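Heads up: the structure comes next, in structure tokens.
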Amino acid sequence: MLLSMLHLAAAAALGGAIGILGGLLGIGGGVIAIPVLGMLYGLHQQAAQGTVLVMVAPNVVLAFWRYRQRVGVDLRIAATLGLSALVSSYPTARIATGLDPHRLRLAFAAFLGVLAAVVAWRTWRGLIGPAGRQPLAWGWTAVVGLVGGVASGLFGVGGAFIAPPALTAFFGVRQAEAQGLALALVAPGTIVALAAYAEAGQVDWAIGLPLAVGGTAAISAGVAAAHRLPERRLRLAFCILLAASALLLALHG
């Protein structure tokens with residue numbers, strides 16, 4: 001009984017720590033939790049992704065609401081991202097549950113590594129917005145949503161990383177607002193992807209539920225910190241998280 005209570009408390013504490021980082025960087029915490037669950041609980045890639053979605057689903061909804069209150073987000077873009085991501089997330093998630101876990105983990109690591117390099121290069125060069133070009137009309141964010149839905153279905157949380165670089169680079173959106181909009185992209189798709197992983201038996205609810213409790217309790221603090229950070233520092237922190245997560249995944253893979 002005591003061991004079970006300690007197990008629940010440890011998972012909730014882990015969820016709280018991940019929730020703060022997830023709120024700070026607008027990712028719901030999933031990408032941090034996936035390699036951690038693999039290392040601490042021995043979950044293979046699909047089971048880790050499915051279990052993390054139990055925490056991410058409520059986290060992203062709450063974090064989006066907090067970003068909307070503190071930073072402000074364009075609701076037209078938010079709705080476009082969310083609806084278009086729904087189209088591609090479920091079929092991709094169904095495919096992902098049948099893939100080789102080792103290869104899927106390495107593919108996720110490579111995806112994050114390349115994205116980290118792109119974000120770092122643009123930040124180093126000072127390319128915060130569309131770099132002299134006219135920003136694209138908001139309707140084009142449907143393309144970002146479709147691509148983000150594929151990434152979310154394939155990797156569990158990948159869509160949260162697609163949106164901020166794309167929105168800041170092509171649509172002239174600030175980093176903090178882009179992180180809030182990324183949550184709008186992954187929120188509907190995350191719920192759908194969770195259903196797909198649960199249907200395939202790739203969710204450990206005994207770990208996922210206490211993670212969710214800890215994450216939702218702490219994520220608002222992360223959003224408040226993001227509101228206070230300067231643009232450049234927030235982008236660099238986002239980039240560092242990408243690179244660190246890629247390294248953890250590659251080492252564990």
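The values are calculated or read from the model by the stated rules, or taken from the named source; none is laboratory data. Everything numeric in this text was worked out from a predicted model, so none of it was measured. Here the Cβ is made from the backbone with ideal geometry for all residues, glycine too, and neighbour counts use every protein chain on show.
Give the residue, chosen from GLN179, GLN175, that is within 15 Å of LEU75 (Cα to Cα), among the polar types (S, T, N, Q) and crowded, with 24+ Cβ neighbours inside 10 Å. Before you say what the answer is, go through the steps one by one.
On the way: GLN175 fails: within 15 Å of LEU75 (Cα to Cα).
Result: GLN179 is the single residue among GLN179, GLN175 that is within 15 Å of LEU75 (Cα to Cα), among the polar types (S, T, N, Q) and crowded, with 24+ Cβ neighbours inside 10 Å.
Considering VAL223, VAL144, the condition of being buried (at least 24 other Cβ atoms within 10 Å of the Cβ) and modelled with pLDDT under 80 is satisfied by VAL223 alone.
Taking region 68-120 as the range and being more than 17 Å from the chain's Cα centre (by Cα), part of a helix (DSSP H, G or I), of a type in the set (Val, Ile, Thr) and farther than 22 Å from GLY180 by Cα as the test, only ILE95 passes.
Residues satisfying the criterion are absent from region 35-49 (criterion: at pLDDT below 80, assigned to a helix (DSSP H, G or I), farther than 25 Å from GLY201 by Cβ and out of contact with any Ser or Thr (no Cβ under 9 Å at 6 or more places or on another chain)). In this entry, THR190 is excluded by the filter for residues that are of a type in the set (S, T, N, Q), within 22 Å of ILE20 (Cβ to Cβ) and at pLDDT 80 or above. Where helices (runs of 4 or more DSSP H) fall wholly inside region 174-253, the ranges with 2 or more residues that are under 17 Å from the mean Cα position of the chain (by Cα), over 28 Å from PRO91 (Cα atoms) and aliphatic (A, V, I, L, M) are 205-228, 231-252. Output the residue which, of all residues in region 136-172 that are outside any helix (DSSP H, G or I) and within 14 Å of the chain's Cα centre (by Cα), is nearest to GLY50 (Cα to Cα). Restricting to residues being outside any helix (DSSP H, G or I) and within 14 Å of the chain's Cα centre (by Cα), the top hit is GLY156.
For ALA48, the stated conditions do not hold, so it cannot be described as under 13 Å from the mean Cα position of the chain (by Cα), among the aliphatic types (A, V, I, L, M) and buried (at least 22 other Cβ atoms within 10 Å of the Cβ). Entry remark, region 61-108: residues being buried (at least 17 other Cβ atoms within 10 Å of the Cβ) and among the charged types (D, E, K, R) number 4 in total.
The residue pairs whose first member lies in region 199-211 and is over 16 Å from THR97 (Cβ atoms), whose second member is assigned to a loop (DSSP other than H, G, I, E, B) and at pLDDT below 85, and whose beta carbons are closer than 7 Å, counting only pairs six or more residues apart or on different chains, do not exist in this structure.
Mind listing just one residue for me: the one in region 106-136 that is among the small types (Gly, Ala, Ser) and over 24 Å from SER89 (Cβ atoms) and, of those, modelled with the highest pLDDT?
Step one: list which residues in region 106-136 are among the small types (Gly, Ala, Ser), which gives 107, 109-110, 113, 116-117, 120, 126, 129, 131-132.
Retained after the next criterion (residues that are over 24 Å from SER89 (Cβ atoms)): 117, 120, 126, 129, 131-132.
Values: ALA117: 80, ALA120: 76, GLY126: 61, GLY129: 54, ALA131: 49, GLY132: 49.
Looking at residues that are among the small types (Gly, Ala, Ser) and over 24 Å from SER89 (Cβ atoms), I get ALA117.
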